[in-house]
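S.K.: Quick one: the structure is below, questions incoming.
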Amino acid sequence: MEDESVETIYLNYPDPWFKKRHHKRRLTKPENLYLFARRLREGGEIRLRTDDRPFLDYTLEAAQEVEAFEITLSTLKPQEPLTKYEAKWLAEGKTLYALTLKRIRPPKEIPHPEIQEVNQVFPVKIPHLEGLPEVLQKTFKIREGLVLRTFRIWEHGEDRLLEVLLSEEGYLQRFLIFIQKKPSGYQLDVSSFSEVLKTRGLQEALEFLGKKLSQGAFRSDYSGPNG
């Protein structure tokens, strides 16, 4: 996705990650708002809804740190267009906040975690697909600073789409892995439906899953960080 190519980003009731040690996982941490601001066109907006006041205050502080936004804050009213859950929550007396961050200038650069980018992420080839039940709905610590969480899987014939979340030095990427049947076995690759930052950790995650799914036998065409 190109910079200054997005009109609106919607964040509806994201997980506030209540515990302080988990704040680095929040979608609205300064590093993420910096990336969002780069993708937004001039005048483009981030529209956030939340019912968590501490999370809202955190987001306001993060937005001010990025120095790119005009900030508008309001509370939702019963006469506004609402989802059925929002209408229910308002009827129960909850306060629902609507925050708009309008990009009015380029963002101030925010340092990101030190992660190793690569030119290309290479598919992983495995001869058999045997360990699929053992990897679903699991969390794996591949190494220090690299954690993989697996979620749902979709099947189409002999092909699969696996939903995963990868945390690399605190940088989160959620994407789909395409497990495609080939004449010589299966191939694991990032789905074309997913936009990801190409990193060494992403390559490691594919190789890790390849080993798990083939019970140890796999092949990768990856030849190093500059390959």
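No value in this document is a laboratory result; all are computed from the given coordinates. Just so you know, these numbers come straight off a predicted model, no measurement behind them. Using ideal geometry, Cβ is built from the backbone for each residue, glycine included, and neighbour counts are taken over all protein chains shown.
S.K.: By Kyte-Doolittle mean hydropathy of at least -0.5 and Cα axial length of at least 15 Å, which whole DSSP H helices of the chain are selected?
M.R.: Long hydrophobic helices here: 53-66, 200-214.
S.K.: Also, quick follow-up: Please report Rg (one decimal) and Dmax (integer) in Å for the Cα set of the stretch 131-183.
M.R.: 12.2, 38
S.K.: Check each of the chymotrypsin sites (Phe, Trp or Tyr not before Pro) in the stretch 123-201 and keep only those in coil by DSSP with at most 13 other C-beta atoms within 10 angstrom; list them in order.
M.R.: Answer by residue number: PHE193.
S.K.: Exceeding 19 Å between C-alpha atoms, which entries from my cross-link table qualify? They are LYS125/LYS182; LYS29/LYS102; LYS29/LYS138; LYS19/LYS102; LYS141/LYS211.
M.R.: Long pairs (Cα-Cα over 19 Å): LYS29/LYS138; LYS19/LYS102.
S.K.: Given the Cα-Cα distance of LYS211 and GLU114 and 0.36 nm per residue of separation, how much length would full extension add, in nm?
M.R.: Net length gain for the segment: 32.3 nm.
S.K.: Compute the FRET efficiency between ALA98 and LYS20 as 1/(1 + (r/R0)^6), taking r as their Cβ-Cβ distance and R0 = 30 Å, and round to the nearest 0.05.
M.R.: That pair, ALA98 with LYS20, gives E of 0.75.
S.K.: Assuming 0.36 nm per residue, please report the length gained on full extension of the stretch ASP159 to VAL196 beyond their Cα-Cα distance.
M.R.: Difference between extended and current length: 11.2 nm.
S.K.: A further question on this structure: Can you find, among LEU136, ALA62, THR75, the residue sitting farthest towards the positive end of the charge dipole of the stretch 34-169, where Lys and Arg contribute +1 and Asp and Glu -1 at Cβ?
M.R.: THR75
S.K.: How fast does the chain diffuse by Stokes-Einstein, in µm²/s, taking the Kirkwood radius from C-alpha pairs at 25 °C and 0.890 mPa s?
M.R.: It comes out at roughly 125 µm²/s.
S.K.: Based solely on C-alpha atoms, express the radius of gyration and the Dmax of the stretch 6-103 in angstrom.
M.R.: When restricted to the Cα atoms of the stretch 6-103, Rg and Dmax are 13.6, 38 Å.
S.K.: Right, next: Under a point spin-label approximation (7 Å from Cα along Cα-to-Cβ), what is the GLU67-ARG143 distance to one decimal in nm?
M.R.: Inter-label distance under the simple model: 3.6 nm.
S.K.: Separate question: What full-extension length gain, to one decimal in nm, is calculated for ARG39 and ARG174 as 0.36 nm per residue of separation minus the Cα-Cα distance?
M.R.: 46.8 nm
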